[in-house]
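A.B. asks: Sharing a structure, written as structure tokens. Questions coming.
Only the coordinates and a few stated rules stand behind these numbers; no lab work does. Predicted, not measured: the structure shown is a model, and the values here were computed from it. As a convention, Cβ positions derive from the backbone with ideal geometry for all residues, glycine included, and neighbour counts pool all protein chains shown.
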Amino acid sequence: MTKNAILNVEGQEPFEMPVLSGTLGPDVVDIRKLYGTTNMFMFDPGFTSTASCESKITFIDGEKGQLYYRGYPIEQLAEQSDYLETCYLLIYGELPNAVEKQKFELGVLRHNMVHEQLTWFFRGFRRDAHPMSMMVGVVGALAAFYQDSLDISNPEHRRIAEYRMIAKVPTLAAMCYRYSKGLPFNYPRNSLSYTGNFMHMMFAKPTEDYVVNPVLERALDRIFILHADHEQNASTSTVRLAGSSGANPFACIAAGIACLWGPAHGGANEAVLKMLDEIGDVSRVEEFMQGVKEKRYRLMGFGHRVYKNMDPRAKIMKQTCDEVLNELGLHDSPKFKLAMALEKIALEDPYFIERKLYPNVDFYSGIVLSALGIPTTMFTVLFALARTVGWVSHWHEMIADPHQKIGRPRQLYTGAGRRDYLPVDKR
Ligand code: CMC
């Protein structure tokens, strides 16, 4: 049954708008003809009530704490799938069969080296540059090296660009780390898994054999799965907006990385560790929480625009954190204890309960990553690595959509009215 919504504005005829239903989630009011008919815009800063596109990739129910990739609950994928298979699922919409899985894995492996000249780029950066600043630059620079996959109207170019991004971003991420440490770059090893290879590129020394620890490899792979996509978040919307102009995919992903860098988005896991360092000890938790409630600062790793009950990724991340700390014999780590004390107090405090603030994925991810030997400044880079497939999938979906248009939000203008220019001596 079709439904309509009616907008009544004083002095105007009622305006009827179709109500559209998706497979899951709230209905949406189709306002596409609103401006043409009523000469009015909708005002929604931060897009809190606006569906910016139609998508078949990821579904979130923030109230129920559900996250599905192409219909599959995140808990099942984190438990039973692996990151590359999840990549295939996100991009193509179905889980691969054995032949498709192998072909995809080989395709990604084949593209994991970067043009040798790209390695020279790094020498232009200061050694103490934040790795995210290098990532934005070098991912954008991929467009300068892979000019044979920039024609977005050509499906084969798009396919190769997608493989290239998923394959090369870990290589570039590891290079950012190695450069900042003054260590030589490691070439990828195709005998290793996607995640094992990333660990090798990060940590192997030329002087010793590096053996990938399977427990840590699995934990990191799961972290990648948890971060792979999250529907129309700020960085994904940035990628879509950049891509809507016809910009090449490497430039669009670089734009997504830039957006992810902010502390309210992908920078939060780094901010959580900084916060734990600043608090320092369990005895200072009460005092710190007082400052949060007085709104002098925020409890990082808490709260989410969409999840208002619990972030399902946080639960899996906490379990992963347990596994990693056990494996490394770090279960008595003061940071972990401090995080647990903060979580307990926050979950019982009316300030957080009333505002529906719960731990998000970043609350525990920083502790796991630092236990894995990854420095704080690399946390957001790892988020970018894992999210690249989400960005690629949304870009892929948008470009293939025949109704796709350039994104062009409107505004409520509250600046000066028309006025005449005065020469400088008359102002
Ligand atoms: N600590 C203390 N108070 C908070 C927090 C927090 N982490 N988050 C929200 N609030 C309060 C906020 O002050 C406001 O209070 P009041 O109603 O009294 O003004 C209320 O809760 C609603 O906050 P909001 O800023 O309107 O909520 P939002 O949906 O716009 O913000 C958020 C979502 C994630 C930006 C915010 O919760 C936040 O800043 N959290 C800390 C940063 C963080 O952990 N970010 C990672 C997000 S998950 C990773 C990802 O998907 O990118």
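A.B. asks: Going by a ≥ b ≥ c, the root eigenvalues of the Cα gyration tensor, does the range 74-140 fall in the rounded group (a/c under 1.5), the prolate group (a/b larger than b/c) or the oblate group? Working shown, then result.
C.D. replies: Values: a/c = 3.74, a/b = 2.03, b/c = 1.84.
Note, shape of the range 74-140 comes out prolate.
A.B. asks: Which lysines, if any, have their Cα less than 16 Å from the Cα of Lys405, not counting same-chain residues under 8 positions apart?
C.D. replies: Lys33
A.B. asks: Could you work out the helix-only [θ] at 222 nm for the chain, with each DSSP H run of four or more residues adding -39,500 (n - 2.57) and the total divided by the number of residues, to the nearest 500 deg cm²/dmol?
C.D. replies: Numbers: 18 runs with 220 residues, N = 427.
Helix-only estimate at 222 nm: -16000 deg cm²/dmol.
A.B. asks: Rounded, prolate or oblate: pick one for the range 134-293, where a ≥ b ≥ c are the square roots of the eigenvalues of its C-alpha gyration tensor, a/c under 1.5 means rounded, and failing that, prolate if a/b is larger than b/c, else oblate. Walk me through the numbers on the way to the answer.
C.D. replies: Details: a/c = 2.22, a/b = 1.27, b/c = 1.75.
Oblate.
A.B. asks: So for each of 213-220, 174-181, 49-56 I average, over its residues, the number of other beta carbons within 10 Å; can you give me the resulting order with the highest mean first?
C.D. replies: On the way: 213-220: 18.4, 174-181: 20.8, 49-56: 14.1.
Highest-to-lowest ranking by the protection proxy: 174-181, 213-220, 49-56.
A.B. asks: Measure up Lys56/Lys308; Lys318/Lys344; Lys64/Lys308; Lys181/Lys205; Lys274/Lys337; Lys274/Lys335 against 19 Å on the Cα-Cα distance and list the ones that go over.
C.D. replies: Values: Lys56/Lys308 23 Å; Lys318/Lys344 13 Å; Lys64/Lys308 8 Å; Lys181/Lys205 12 Å; Lys274/Lys337 15 Å; Lys274/Lys335 11 Å.
Pairs exceeding 19 Å: Lys56/Lys308.
A.B. asks: Which of the trypsin sites (Lys or Arg not before Pro) found in the range 343-389 are in a DSSP loop and have at most 13 neighbouring Cβ atoms, other than their own, within 10 Å?
C.D. replies: Values: sites: Lys344, Arg355, Lys356, Arg387; in loops: Arg355, Lys356.
Answer by residue number: Arg355.
A.B. asks: Taking the beta-carbon count within 10 Å as an exposure proxy, list Ser21, Ser133 from fewest neighbours to most.
C.D. replies: On the way: Ser21 12, Ser133 16.
Result, fewest neighbours first: Ser21, Ser133.
A.B. asks: To continue, here is another question. Less than 11 Å Cβ to Cβ from Cys53, Lys/Arg counted +1 and Asp/Glu -1: what total charge do the surrounding residues give?
C.D. replies: On the way: positive: Lys56, Arg240, Lys405; negative: Glu54, Glu231, Glu397, Asp401.
Here the count lands on -1.
A.B. asks: Then there's this: The chain: D in µm²/s via Stokes-Einstein (Kirkwood Rh, Cα pairs, 20 °C, 1.002 mPa s)? Don't jump to the answer; show the numbers that get you there.
C.D. replies: Details: Rh = 23.5 Å.
Stokes-Einstein gives a translational diffusion coefficient of 91 µm²/s.
A.B. asks: P(r) for the range 39-171, please, calculated from all Cα pair distances in 5 Å bins and given in %.
C.D. replies: That works out to 2, 8, 14, 14, 15, 15, 15, 11, 6, 2, 1, in percent per bin.
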